[in-house]
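Notes to accompany the following structure.
Read-outs: derived from the displayed coordinates by stated rules, not from any lab. Here the structure is a predicted model, which means the values were calculated and not measured. Please note: Cβ atoms are built from the backbone with ideal geometry, for glycine as well, and neighbour counts cover all protein chains shown.
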């Protein structure tokens, strides 16, 4: 598993105080840009660094199924 | 008789790593084929880390084509694998049964063909909204409408209850082929809502956090601001009540009459 995703999964699993946040991030091997994006809580940059899909469409409800 | 293929539509919850239930994770890990439709690219990568062979449902969307066509194709892709005898897992963000046509159609379709099909609930944006905004839907009642459906049909809004409007970024799209509509469409929505709310009524633009490093969006606007506000696919509008609940005195009197009759009956026994 990518270390960024692993770090996010760990953070998602256990809410933590700010002081522990940095320590948790530093417990994973991340490159400088990834670490900075994590510390800045920069979702867009993190996505770019990870090569995530640029535009997500996720509506799965139709207002009118008869249209 | 149930055939070998099966389908499980499971909810991932909203936040990466935070909301996935053990049962849903088991379905993802044990399935022969996994399809996924999620709301955040990093969440999609997370699912891909769990199942490198995961098939994203993103390519089924095509702007300019009715989403109903895309939805049917998604359902058909899942059912084709079920018919081929595979254990299929459809992974959906939030709750797979809340404002979600595809998982419901897929489960119903599989069952209609004699296959085993289940839905595992997840934590939806609605659930996150109640926690983040401190709202209890039981306090005054709570109405939910899909934005376009609210515009297309005659509905009765109760302004003494909470009102929650979903998919507001695409409000008024009759074609089902666009991923967003603009201010002119929202102006009509505001006009409609202004029949029940003052233009100065507070409205919260809400977006659940999808990563543990980000916060939910909870922007307080006024109804009149909605025309030009930044409203996206994932934005939900929350209207607090605009008036106190009105007591139904006629019903209360009838209930009191029933209470009297019950009391009298007790005395006679």
Notebook entry, point to check: Shielding of A:47-57 by partners, i.e. mean partner chain Cβ atoms within 10 Å per residue?
Noted result: 5
Next item on the list: In a Gaussian network model over chain B where Cα atoms closer than 10 Å are linked, find which of B:189, B:226, B:255 has the largest mean-square fluctuation.
Entry: B:255
Notebook entry, point to check: Taking chain B as a Gaussian network, Cα atoms linked when under 10 Å apart, which of B:169, B:11, B:141 shows the biggest mean-square fluctuation?
Noted result: B:141
Notebook entry, point to check: Can you pull the percent of Cα pairs in segment B:95-188 with separation above 19 Å?
Noted result: 57 percent
Next item on the list: Consider just the alpha-carbon atoms of segment B:6-123 and return their Rg together with their Dmax, both in angstrom.
Entry: 13.0, 38
Margin query: From the helices alone, meaning DSSP H stretches of at least four residues, give me the mean residue ellipticity at 222 nm for chain A, per-run term -39500 (n - 2.57), in deg cm²/dmol to the nearest 500.
Written below: -15000 deg cm²/dmol
Notebook entry, point to check: Beyond 32 Å, what percent of the Cα pairs of chain B remain?
Noted result: 36 percent
Notebook entry, point to check: Stokes-Einstein D for chain A at 25 °C, 0.890 mPa s, Kirkwood Rh over Cα pairs, in µm²/s?
Noted result: 177 µm²/s
Check: In nm, to one decimal, how far is the modelled label at residue B:177 from the one at residue B:55, with both set 7 Å along Cα→Cβ?
Finding: 2.6 nm
Next item on the list: Could you list the square roots of 5 times each eigenvalue of the Cα gyration tensor of segment B:126-239, that is, the equivalent ellipsoid semi-axes, sorted largest first and rounded to whole Å?
Entry: 21, 18, 13
Check: For segment B:78-139, what is the convex hull volume of the alpha-carbon atoms per residue, in Å³?
Finding: 86 Å³
Check: In what sequence, highest mean first, do B:74-87, A:32-45 appear when ranked by Cβ atoms within 10 angstrom?
Finding: B:74-87, A:32-45
Notebook entry, point to check: Among B:256-264, B:33-41, how do they line up from the highest to the lowest mean number of other beta-carbon atoms within 10 Å?
Noted result: B:33-41, B:256-264
Item checked: Calculated over the protein assembly as shown: convex hull of Cα atoms, volume per residue (Å³) -> 200 Å³
Item checked: For the protein assembly as shown, share of DSSP beta bridges that run antiparallel, in % to the nearest 5 -> 35 percent
Item checked: Peptide B:41-52, shielding by other chains (average Cβ, 10 Å cutoff) -> 5
Next item on the list: Quickly estimate the mean residue ellipticity at 222 nm for chain B, helices only: each DSSP H run with n ≥ 4 gives -39500 (n - 2.57), and the total goes over all residues, rounded to 500.
Entry: -11000 deg cm²/dmol
Next item on the list: Take chain B, connect every pair of alpha-carbon atoms lying under 10 Å apart with a spring to form a Gaussian network, then pick out the residue of B:148, B:124, B:26 with the largest mean-square fluctuation.
Entry: B:26
Checklist line | More than 15 angstrom apart: percent of Cα pairs within segment B:198-269 | finding: 70 percent
Check: Per residue of B:13-26, what is the mean number of Cβ atoms on other protein chains within 10 angstrom of that residue's Cβ?
Finding: 2
Item checked: Peptides ranked, highest mean first, by Cβ atoms within 10 Å: ranges A:22-28, B:173-179 -> B:173-179, A:22-28
